[in-house]
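Peer 1: Starting off with a structure, shown below.
Computed from the coordinates by the stated procedures, all read-outs in this text should not be read as laboratory data. The structure presented is a predicted model; accordingly, all values stated were derived computationally and were not measured. Neighbour counts run over all protein chains shown; Cβ positions are idealised from the backbone, glycine included.
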Amino acid sequence: MWVVVGLGNPGRRYAGTRHNVGFSVIQRLARRWGVKLRRRKYAAKVVEVMRNEERLVLAQPQTYMNMSGVAVRQIADGYRVPPPNIVVVTDDLDIPLGQIRVRKGGSAGTHKGLRSVVAEMGTPSIPRLRIGIGPLAEREDAVEFVLSPFSREELPVVEEALAKAEEALDMILDGRIEAAMNTFNQRGKT
């Protein structure tokens, strides 16, 4: 069993903002399987699907970004899923717009939502897929930037990144995280 958690902030006010690209990935996956995230369970909107004869839970925490770990911990406990089988999808200000990075675990860096997840789970060994929303312009306020919507010019780049994220998630869920890292962590370096 796998759980894919997209980080973001609940509510219309934050829909379509840079900080909510994790939610966007979950919404794309839900559309792909023809399901809706309506059920509120474990401080999150969740839906269960069958993927290749294996149960998969898609989740969007409803705790706001900085407390995402509370929902992730409840989901992990409720479904009895170990950290290596929970994939966290989040934005990353330090990655250029349109690029993605896959990691088996490691530091949460400056991302408060990811920090919350690592703290609540008690381990940095949680797979993550980070979607670039940067860079932050010099003297620009980080909070204002991440809570702003993408510009019209950025939307095609974001769509491409979300498609790459879906492709990377398929590889991770197939047990091929190393291949996903090799494939997607190299793109953009050329």
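Peer 1: Grab the DSSP H runs of the chain that are 4 residues or longer, score each as -39,500 (n - 2.57), total them, divide by all residues and round the 222 nm result to the nearest 500 deg cm²/dmol.
Peer 2: So the calculated ellipticity at 222 nm is -10500 deg cm²/dmol.
Peer 1: On to the next question. Report relative contact order for segment 2-184 in percent, whole number only (criteria: Cα-Cα under 8 Å, sequence separation at least 6).
Peer 2: With pairs under 8 Å counted, the relative contact order is 24 percent.
Peer 1: Amide H to amide H, which residues 5 or more places from Val87 or on other chains are under 5 Å from it, using H placed in the peptide plane?
Peer 2: Val3, Val4, Val5
Peer 1: So in the chain, what percent of DSSP beta bridges are antiparallel if you round to the nearest 5?
Peer 2: Approximately 55 percent, going by the DSSP bridge assignments.
Peer 1: Can you sort Phe23, Phe184 so the residue with the fewest Cβ neighbours within 10 Å comes first?
Peer 2: Least to most surrounded, the residues fall as Phe184, Phe23.
Peer 1: Another question, then. Sort Arg31, Arg115 so that the residue with the fewest other Cβ atoms within 10 Å of its own Cβ comes first and the one with the most comes last.
Peer 2: Arg31, Arg115
Peer 1: For the residues Leu97, Leu29, what sequence is obtained by ranking on other C-beta atoms within 10 Å, fewest first?
Peer 2: Ranking Leu97, Leu29 by Cβ neighbours within 10 Å, fewest first, gives Leu97, Leu29.
Peer 1: When only alpha-carbon atoms are used, what values of Rg and Dmax, in angstrom, describe the chain?
Peer 2: Rg then Dmax for the chain, in Å: 15.2, 50.
Peer 1: Rounding to the nearest 20 debye, state how big the charge dipole of the chain is about its Cα centre with +1 on each Lys and Arg Cβ and -1 on each Asp and Glu Cβ.
Peer 2: Magnitude of the dipole: close to 640 debye.
Peer 1: What's the magnitude of the charge dipole for segment 6-54 around its Cα centre, counting Lys and Arg as +1 and Asp and Glu as -1 at the beta-carbon? Answer in Debye, nearest 20.
Peer 2: Its charge dipole is roughly 340 debye.
Peer 1: Under a GNM of the chain (C-alpha, springs under 10 Å), which listed residue has the highest mean-square fluctuation: Asn66, Asn85, Asn52?
Peer 2: Most flexible of the set in this elastic network: Asn52.
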